[in-house]
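**Q** I'd like to ask some things about the structure below.
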Amino acid sequence: MAEGGIPAQTIAHLCERLSITKGSFYHHFTSLADFRQQLLAYWEAGQEAALEATSGDAAEWVAPATSPIDAAVRAWGQSDETAAAAQGRVDALRLKVASKELRAAGVAADRARSLANLGLAILIGAQTAGAGWDRKTRRGLVEEYQRAVATAVAEAGPAKPAARRKA
C-alpha cells in the first residue's frame, strides 16, 4: 500500500510482490475484498495498540502516525466507505487519547480538545501533503505542536488528582 496505494492492490500484484501463488492467496482470503477488510482490521488494531501504549506524553501520538501506510489508508478512505470508517475510528481514538492525556496533565477541557484537534490537523496535513512537505517541515510542525502542548501543561500547573467517587 505504501508503494502504490489501493490501485496497486490486485491479487496478481500481491502474489507477485509476496512471491506466493494465487492458490495460496485464496487459502488465506476469500477475495480481494476480504484481503482489504482484513488489512484494514490489522491496521486499525495496530493503531489502537500504539495509542494505548503512549507513555503519557500528550504530544507523542502525532509524530509516529505519519507513515506512508497511514497516508495510504487516509487516501483510500477518500473513495471507500469501509476505509473511511476505520480511519474515522482511529482519528476519534487519537483525539480521545490526546485529550485524556492533556486533561490528566491539568489542562482545561476546552484547551485540551483544541490542542488535540490541532495535533490531528497536523497529522492529517502531513498524511495528505505527501511530497509537498519534506521531512524538515513535518518535523518542525510536530516540534511546534509539542511546544504548544508543553506550554499548555506548564500553564495548567500541577495536575490535580482525580476526585474519588463514593461507593
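The values are calculated or read from the model by the stated rules, or taken from the named source; none is laboratory data. Note that the coordinates shown come from a computational prediction; the quantities given were computed from them, not determined experimentally. Positions of Cβ are backbone-derived with ideal geometry, glycine not excepted, and every protein chain shown enters the neighbour counts.
**Q** Which one of these is β-branched (Val, Ile, Thr) and in contact with a Gly (Cβ under 7 Å, 6 or more places away or on another chain): Val73, Val90, Val62, Val97? Don't jump to the end; show me each part of the working.
**A** Numbers: Val73 fails: in contact with a Gly (Cβ under 7 Å, 6 or more places away or on another chain); Val90 fails: in contact with a Gly (Cβ under 7 Å, 6 or more places away or on another chain); Val97 fails: in contact with a Gly (Cβ under 7 Å, 6 or more places away or on another chain).
Of Val73, Val90, Val62, Val97, the one residue that is β-branched (Val, Ile, Thr) and in contact with a Gly (Cβ under 7 Å, 6 or more places away or on another chain) is Val62.
**Q** Could you give every pair whose Cβ atoms fall below 7 Å, whose first residue belongs to the range 7-23 and is without any contact (Cβ under 8 Å) to a residue 24 or more places away in the chain and within 16 Å of Asp34 (Cα to Cα), and whose second residue is surrounded by 13 or more Cβ atoms within 10 Å (Cβ to Cβ) and among the small types (Gly, Ala, Ser), counting only separations of at least 6 or pairs across chains?
**A** none
**Q** Return a yes/no flag: does the range 61-75 have any residue that is more than 21 Å from Gly125 (Cα to Cα) and exposed (fewer than 15 other Cβ atoms within 10 Å of the Cβ).
**A** Applying the first criterion (more than 21 Å from Gly125 (Cα to Cα)) to the range 61-75 yields none.
Scanning the range 61-75 turns up no residue that is more than 21 Å from Gly125 (Cα to Cα) and exposed (fewer than 15 other Cβ atoms within 10 Å of the Cβ).
**Q** Moving on to the next point. Based on what the data block shows, is Leu14 among the aliphatic types (A, V, I, L, M) and either closer than 30 Å to Val149 by Cα or within 12 Å of the chain's Cα centre (by Cα) (or both)? Talk me through it step by step, then tell me what you get.
**A** Values: among the aliphatic types (A, V, I, L, M): yes; either closer than 30 Å to Val149 by Cα or within 12 Å of the chain's Cα centre (by Cα) (or both): no.
No.
**Q** Mind telling me which of the residues Thr128, Thr30, Thr54 ends up being surrounded by 13 or more Cβ atoms within 10 Å (Cβ to Cβ), of a type in the set (S, T, N, Q) and assigned to a loop (DSSP other than H, G, I, E, B)?
**A** Within the list Thr128, Thr30, Thr54, the selection yields Thr54.
**Q** Still on this structure, please answer the following. Is one or more of the residues making up the range 33-49 among the basic types (Lys, Arg) and under 23 Å from Pro7 (Cα atoms)?
**A** Step one: of the range 33-49, the residues among the basic types (Lys, Arg) are 36.
Restricting the remaining residues to those that are under 23 Å from Pro7 (Cα atoms) gives 36.
Looking through the range 33-49, at least one residue is among the basic types (Lys, Arg) and under 23 Å from Pro7 (Cα atoms).
**Q** Check whether at least one residue in the range 68-89 is among the β-branched types (Val, Ile, Thr) and modelled with pLDDT of 90 or more, and report yes or no.
**A** Step one: list which residues in the range 68-89 are among the β-branched types (Val, Ile, Thr), which gives 69, 73, 82.
Among the residues that remain, those that are also modelled with pLDDT of 90 or more are: 73, 82.
Yes, that holds for at least one residue.
**Q** Between residues in the range 76-98 that are in a helix (DSSP H, G or I) and residues that are buried (at least 17 other Cβ atoms within 10 Å of the Cβ) and of a type in the set (Asp, Glu), which pairs lie under 7 Å by C-beta distance while being six or more apart or on different chains?
**A** Once the first residue is in a helix (DSSP H, G or I) and sits in the range 76-98, its partners that are buried (at least 17 other Cβ atoms within 10 Å of the Cβ) and of a type in the set (Asp, Glu) give Ala86/Glu44; Arg89/Glu44; Val90/Glu44.
**Q** Here's something else I'd like to know. Select from the range 114-125 the residues that are farther than 13 Å from Val153 by Cα and not small (Gly, Ala, Ser) and write down the one among them that is surrounded by the fewest Cβ atoms within 10 Å (Cβ to Cβ).
**A** Going through the qualifying residues, I end up with Asn117.
**Q** Would you check if Trp43 is in contact with a Gly (Cβ under 9 Å, 6 or more places away or on another chain) and buried (at least 19 other Cβ atoms within 10 Å of the Cβ)? Write out each step before concluding.
**A** Numbers: in contact with a Gly (Cβ under 9 Å, 6 or more places away or on another chain): no; buried (at least 19 other Cβ atoms within 10 Å of the Cβ): yes.
Against the criterion (in contact with a Gly (Cβ under 9 Å, 6 or more places away or on another chain) and buried (at least 19 other Cβ atoms within 10 Å of the Cβ)), Trp43 does not qualify.
**Q** Another one. Quick one: is Gly4 more than 14 Å from the chain's Cα centre (by Cα) and at positive phi? Spell out the reasoning first.
**A** On the way: more than 14 Å from the chain's Cα centre (by Cα): yes; at positive phi: no.
Considered against the rule, which asks whether it is more than 14 Å from the chain's Cα centre (by Cα) and at positive phi, Gly4 comes out as no.
Each row is one residue, and each column tells you yes or no for (1) more than 30 Å from Asp34 (Cα to Cα); (2) modelled with pLDDT of 85 or more.
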| position | (1), (2) |
| --- | --- |
| Thr66 | no, no |
| Ser114 | yes, yes |
| Leu120 | no, yes |
| Leu123 | no, yes |
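**Q** Could you look through the range 1-17, keep only residues that are more than 18 Å from Pro68 (Cβ to Cβ) and not acidic (Asp, Glu), and pick out the one that is surrounded by the most Cβ atoms within 10 Å (Cβ to Cβ)? Full working, then the answer.
**A** Of all residues in the range 1-17, those more than 18 Å from Pro68 (Cβ to Cβ) come to 10-12, 15-16.
Still in the running and not acidic (Asp, Glu): 10-12, 15.
Working: Thr10: 13, Ile11: 14, Ala12: 9, Cys15: 16.
By that ranking, first place goes to Cys15.
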